[in-house]
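The values are calculated or read from the model by the stated rules, or taken from the named source; none is laboratory data. Fair warning: this is a prediction, and the values are worked out from it, not measured in the lab. With ideal geometry, Cβ positions are generated from the backbone for all residues, glycine too; neighbour counts draw on all protein chains shown. All accessible areas refer to the heavy atoms of the entire protein, side chains included, with ligands and DNA or RNA removed. Shrake-Rupley method; radii C 1.70, N 1.55, O 1.52, S 1.80 Å.
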Amino acid sequence: MPLALLALAVSAFGIGTTEFVMMGLLPQVADDLGTSVPTAGYLVSAYAIGVVIGAPLLTALGSRVPRKRMLLLLMALFTVGNLASALAPGFGWLIAGRVLAGLPHGAFFGLGAVVAARLVREGRQARAVATMFLGLTVANILGVPAATLLGQHLGWRATFLVVSAIGLLAMAALARLVPHIPVDERQSLGREVRALGRPQVLLGLLTAVFGFAGVFAVYSYLASMTTEVMGFGDSTVTVVLALFGLGMTGGALAAGPLTDRALRPTLYGSLAALVLALVAFRFTIHVPWLALVTVVVLGAVGFMTTTPLQMLVMNKAKDAPTLASASNHSAFNLANAGGAWAGGAAVAAGWGWTSPALVGAGLTVVGLAIAAVAGLLDRDRGTAEGASRVVAQSPLAEGPPAAGKRISSSSPASGS
């Protein structure tokens, strides 16, 4: 794997840390800014709103910007957003900072996935994308727990200052390691929008919204489940979240080669496994050691869905994949918000802290059904693919270019 993927993974680590760390800092933020924890919870939604808005908007605005320069601009905006959060004088300014930090999230991962796929040989593209996402999963094992502890001891502002420093480090890595990839002259915003409107792309996005919502129906309330149902103390919450992140990393590592080998079977299998794991969690949660094992499994099968979903929408928009790839992250964040809302509604209705697991299973069943319909339509048209091969040809048949070198605009890889 080329070193450029390391730069993308470092960037993903920073993004993943700032996305999820707020869940562990809500009490500190609420106390410092004189508001309630439920009101402080809007800070989680603010970031998701930034992602949903920023993914298509920034991708469209940057459609004619060379890929490396656009990645640097997006990471610069991410760094500014986190710095603004650290220096926010009040709750309203912190909301604005969180929206600003979320704006580049989807556009960066969407563009990063296209760039990653074009840095490697044919047949290894899903592994390249999964390597970038590995930074996101490692953030849940190391970044989020460490940043939470830092915020608890030195204040939540220190957390966002450190994330800003990670953003600067990521920019340096991108500048040094990612090759120059010019924009294809044939590319246009209209072409990207038309690709986004294809039925198979839209079905892929809907699969992400419902399928991944099942994960966040549980993850959003995992801390409360740990103390209220599993019977652990508050100090164990960080460990449980880290176990979930450990499972995510395992899922990401497995998803790459499996998706390269057989995209749709990997998608179907991971969604079906997620349904079973969510149903099982409804019962294993009452046995502490079984609950911890199931948390790892949930993280693994939940995150195993992300790589085939990402590759699917890129494949179906293969001649203009950047906007579709970025919009997939808007879909994931809609899943985050929708899953959290559905799980919370079940708890508020008096169904108990275990109810989000069954709600999540129901949402994932809908996602699996949408994926199955899309697969049948592909089969009817004779277009079903067996692997993640359609995104683009890699820039060089012999291997990726050296860091800092240009990829010629005549290369088939330059059509992002």
Failed item in (1) within 18 Å of Lys68 (Cα to Cα); (2) open to solvent by less than 10 Å² (accessible area, probe 1.4 Å), with Gln125 passing the rest: (1)
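Yes or no, residue by residue, for (1) among the hydrophobic types (A, V, I, L, M, F, W, C); (2) surrounded by fewer than 24 Cβ atoms within 10 Å (Cβ to Cβ):
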site: Thr284; (1), (2): no, yes
site: Trp289; (1), (2): yes, yes
site: Val295; (1), (2): yes, no
site: Leu298; (1), (2): yes, no
site: Thr305; (1), (2): no, no
site: Lys318; (1), (2): no, yes
site: Thr322; (1), (2): no, no
Elements of type helices (runs of 4 or more DSSP H) contained in region 254-361, each with 3 or more residues being more than 20 Å from the chain's Cα centre (by Cα) and of a type outside the set (S, T, N, Q): 263-284, 288-304, 321-348
Identity of the residue in region 1-50, among the polar types (S, T, N, Q) and within 21 Å of the chain's Cα centre (by Cα), that ends up modelled with the lowest pLDDT: Ser45
Selection count, region 212-253, where residues are open to solvent by 30 Å² or more (accessible area, probe 1.4 Å) and not in a helix (DSSP H, G or I): 6
Filtered residues of region 71-97 (kept if open to solvent by less than 20 Å² (accessible area, probe 1.4 Å) and over 17 Å from Met22 (Cα atoms)): Leu71, Leu74, Met75
Selection from region 33-64 of residues that are in contact (Cβ under 8 Å) with a residue 60 or more places away in the chain and surrounded by fewer than 15 Cβ atoms within 10 Å (Cβ to Cβ): Arg64
